[in-house]
Amino acid sequence: MARAKRVAEAVAELGWNYLVLTAVDRDDLADGGATIFANTVRQIHKKSPASKVECLTGDFAGDLAALDIVLDARPEVLAHNLETVERLQPSVRDRRAPTSNRSRSSRTPSKAAKFATPKRR
């Protein structure tokens, strides 16, 4: 939480009104770093309510509950890179330690869209 607060203080001090949060995959953490993203978004919104935050995340190893943690913090934008098309994935990914999966990654924006889209009556 201290890091999130320091980031928020820097955003306020620098007067930024739009920023992108990104990070390397945090496979060492149970939630893949989702809580770090969420805490940072919340601290920025608290310190600089007019600032807009974009989260550029990994796919959290397919853990949609981790994605929910980030979305619950209400970043203005959630972004996720898809590295390549399915057909080329075997030739561009490290086969010994695959850390990404096209099919799994493609569910990330779909899940986010369902969260952000208001329900119609």
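The values are calculated or read from the model by the stated rules, or taken from the named source; none is laboratory data. Since the structure is predicted, the reported quantities are computational estimates derived from the model, not experimental observations. Ideal geometry is used to build each Cβ from the backbone, glycine not excepted, and the neighbour counts take in all protein chains shown. Heavy atoms of the whole protein, side chains included, go into the accessibility calculation; ligands, DNA and RNA do not. Shrake-Rupley method; radii C 1.70, N 1.55, O 1.52, S 1.80 Å.
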### Message
Criterion first (in contact (Cβ under 8 Å) with a residue 24 or more places away in the chain and assigned to a loop (DSSP other than H, G, I, E, B)) does N81 satisfy it?
### Response
yes
### Task
Select from region 38-66 the residues that are open to solvent by less than 20 Å² (accessible area, probe 1.4 Å), at pLDDT 90 or above and not hydroxyl-bearing (S, T, Y) and list them in ascending order.
A38, V41, I44, V53, C55, A66
### Task
Look at region 33-74 and say how many of its residues are among the small types (G, A, S) and closer than 16 Å to A4 by Cα.
6
### Query
For the subset of region 1-22 comprising residues that are touching a residue at least 12 places away in the same chain (Cβ under 8 Å) and open to solvent by less than 50 Å² (accessible area, probe 1.4 Å), which member is farthest from A38 (Cα to Cα)?
A12
